[in-house]
């Protein structure tokens with residue numbers, strides 16, 4: 001035991017001293033900030049497009065005003081949302097809403113060469129010139145919209161500087177559709193005020209379920225468990241992947257540096273394997289604790305009510321302990337396997353022979369876990385969660401939707417039995433691999449396990 | 001004298017390949033024993049079986065009173081053939097870590113490490129990382145790491161390989177020091193000169209089988225003395241001299257004339273001069289352990305044994 005802890009401690013300290021560890025510790029919060037911040041940044045940095053609108057002929061009269069008023073209405077709506085957010089004390093969120101929402105469009109008067117010209121090559125030439133990049137900024141346009149009517153219905157021709165720019169076209173389409181609807185309703189005798197009322201109507205829809213926490217109305221509290229389950233599944237997946245990769249590299253380094261033989265003369269293969277698995281587990285737990293602590297802090301300060309609900313969900317019927325059990329089993333299964341593979345390898349290339357299939361296996365739960373969020377009882381999710389290698393991920397994702405107790409117990413037994421088998425196999429393979437110069441292959445791995453190596 | 005290590009009829013097979021065959025020998029307590037043989041003779045396999053790293057296919061091993069080296073691993077120090085330590089650790093940390101695995105408290109390990117590094121002239125490198133040390137320095141550190149817990153039995157697999165003559169001499173002194181402190185030392189080598197200078201006892205291994213067990217002098221006595229002759233002499237003329245067992249023409253033109261057991265050599269020389277042979281230089285030489293090895297096994301200790309290594 002003492003030797004196991006010594007090896008675990010060395011493993012922990014060796015990695016805690018590396019730059020990579022601190023990077024991974026900071027990476028998640030950093031990417032969370034970046035992940036949230038980048039779309040805002042892109043949107044707010046997006047330039048406002050200068051768009052000229054031209055009504056073609058008297059039949060198009062009034063269409064420019066429709067587009068203009070749609071733009072103003074959209075802007076008013078965004079401003080209102082930003083003010084509402086600011087009023088709730090979320091100034092940052094208000095700014096974010098203001099910068100994210102709405103079309104980035106500025107209507108400008110059309111140059112005479114375009115507005116006054118009739119259709120033909122000279123007008124086309126004027127448009128091309130106005131949209132050309134080399135045109136001075138004060139004369140340059142991002143888009144020119146020609147509004148017209150076909151069979152009495154509004155239509156548009158949109159010229160844009162960039163061929164793949166669909167923002168202006170989308171906005172004009174939406175504005176014309178709304179305008180036409182209003183026009184038709186008014187012409188059918190509906191009062192304009194009533195049309196506005198109908199347009200702005202948003203029905204209130206409440207969801208009810210006998211399984212909701214309140215016994216009736218479904219709230220965020222009821223949706224939270226599924227998200228937490230999915231989060232736990234993904235967290236376990238990343239934990240397994242990072243932890244197991246650290247182990248693989250660590251054992252590989254010891255093998256290539258000829259340290260494994262010295263270690264084996266000082267401790268048993270089981271002690272070494274356990275020590276290393278423990279050390280890396282503590283390491284990943286440190287990262288998890290740091291992330292979890294930070295996440296809890298942010299949640300508590302930003303949305304204390306949600307934080308309390310998350311706590312309630314985790315403690316409800318000991319859900320957190322299910323997660324821990326699946327986490328332990330899942331980590332153990334994969335970690336010892338990776339460590340055993342590492343004992344046969346001196347370079348990452350050596351490891352690829354076996355890593356490929358294992359990575360393919362690990363991709364399956366990622367795909368199925370998302371299905372578990374919406375349909376936790378789908379047959380494919382149920383069946384796959386019985387396969388021990390998928391159990392920890394899929395059962396974590398399913399756990400909040402209360403799968404039958406018998407399924408929980410049996411999958412746990414299956415998973416821990418497989419984990420025990422993996423520890424046994426890995427112990428044998430580790431010992432054989434550590435002392436052998438045989439290159440890793442399915443054959444050599446098999447021989448090591450069966451003791452014929 | 002009681003034995004610290006006894007092997008009886010030990011055999012190791014890897015599939016169809018027999019790495020060690022029916023090997024028996026004993027190492028007395030407090031002695032330095034050389035385990036000699038060319039690469040591929042089965043030395044490393046035997047040492048791993050002694051340590052309990054690999055099970056013997058058959059036979060019995062007794063080390064420090066235990067039937068399995070793993071049961072007494074804290075009383076054994078081991079330096080493997082292919083060496084390495086954690087590159088990012090300092091020598092003191094590495095020595096203390098491996099000492100701790102053998103039950104030595106970390107603080108005591110660090111204290112001893114500093115003293116031992118100082119004794120080996122590595123005082124200035126204590127705080128450097130292992131990757132910054134030269135190969136010779138790193139090898140010394142690893143040797144210290146394998147004996148810092150003051151083991152009763154020290155097993156060194158090819159400890160001299162890769163060391164320059166200066167460091168080889170330092171290592172010889174260290175091995176003598178270990179034995180002087182009461183430890184039993186078993187080391188494998190294919191370089192006979194080290195064994196000749198250090199060993200109380202040698203075990204010669206060839207193609208997985210024991211070829212000899214005894215003292216260095218006993219081993220040498222199995223090989224004939226020989227005359228080293230230089231001059232315009234044909235091998236046939238030399239072979240016709242009295243007391244000659246056989247003649248080997250060396251590449252540089254000299255003749256290596258092996259004498260029959262009991263032949264003094266002077267008689268042979270006298271006959272050569274009286275017979276008018278063109279002897280320009282001569283020397284009467286005692287057999288070396290190297291000669292004894294070749295005589296006993298038919299193998300050359302510096303050349304790998306021609307066996308398929310299937311492990």
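Out of the residues in the range B:151-182 that are within 19 Å of residue B:50 (Cβ to Cβ) and away from chain A (no Cβ under 14 Å), state the one that is farthest from the chain's Cα centre (by Cα). For the range B:151-182, the residue satisfying everything is B:152.
For the range B:28-41, check the following and say yes or no: at least one residue is surrounded by fewer than 24 Cβ atoms within 10 Å (Cβ to Cβ) and within 9 Å of another protein chain (Cβ to nearest Cβ). No, every residue in the range B:28-41 fails to be surrounded by fewer than 24 Cβ atoms within 10 Å (Cβ to Cβ) and within 9 Å of another protein chain (Cβ to nearest Cβ).
Each row is one residue, and each column tells you yes or no for (1) assigned to a helix (DSSP H, G or I); (2) within 23 Å of residue A:230 (Cβ to Cβ).
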| position | (1), (2) |
| --- | --- |
| A:345 | no, no |
| A:354 | yes, no |
| A:357 | yes, no |
| A:361 | yes, yes |
| A:415 | yes, yes |
| A:421 | yes, no |
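With respect to being at pLDDT 75 or above and over 30 Å from residue A:148 (Cα atoms), residue A:14 fits the description.
Can we say residue A:81 is touching a helix residue (DSSP H, G or I) at 6+ places or on another chain (Cβ under 6 Å), modelled with pLDDT under 80 and not assigned by TED's automatic domain parsing to the domain that holds residue A:178? When the stated conditions are applied, residue A:81 does not pass them.
For residue B:194, indicate whether it is part of a loop (DSSP other than H, G, I, E, B) and touching a strand residue (DSSP E or B) at 6+ places or on another chain (Cβ under 8 Å). So residue B:194 fails the test. Need the failing condition index for residue B:135 against (1) surrounded by 15 or more Cβ atoms within 10 Å (Cβ to Cβ); (2) under 26 Å from the mean Cα position of the chain (by Cα); (3) within 14 Å of chain A (Cβ to nearest Cβ), just the number. So residue B:135 meets the others, but not (1). Of all residues in the range A:150-179, exactly one satisfies the criterion of being under 23 Å from residue A:73 (Cα atoms), surrounded by fewer than 21 Cβ atoms within 10 Å (Cβ to Cβ) and more than 40 Å from the chain's Cα centre (by Cα), namely A:153. Before we move on, is residue B:53 within 8 Å of chain A (Cβ to nearest Cβ) and not in a helix (DSSP H, G or I)? Answer is yes for this residue.
Counting only residues that are in contact (Cβ under 8 Å) with a residue 40 or more places away in the chain and more than 14 Å from chain A (Cβ to nearest Cβ), the range B:1-21 holds 12 of them. Considering every residue within the range A:237-251, establish whether at least one is within 14 Å of chain B (Cβ to nearest Cβ), free of Cβ contacts under 8 Å to residues at least 24 places away in the same chain and not in a loop (DSSP other than H, G, I, E, B). No, the range A:237-251 contains no residue that is within 14 Å of chain B (Cβ to nearest Cβ), free of Cβ contacts under 8 Å to residues at least 24 places away in the same chain and not in a loop (DSSP other than H, G, I, E, B).
Filtering the range B:80-92 to residues that are more than 8 Å from chain A (Cβ to nearest Cβ) and in contact with a strand residue (DSSP E or B) (Cβ under 9 Å, 6 or more places away or on another chain) leaves only B:81.
The values are calculated or read from the model by the stated rules, or taken from the named source; none is laboratory data. Just so we're clear, the structure is a prediction, and the values are computed from it rather than from any experiment. Here the Cβ is made from the backbone with ideal geometry for all residues, glycine too, and neighbour counts use every protein chain on show.
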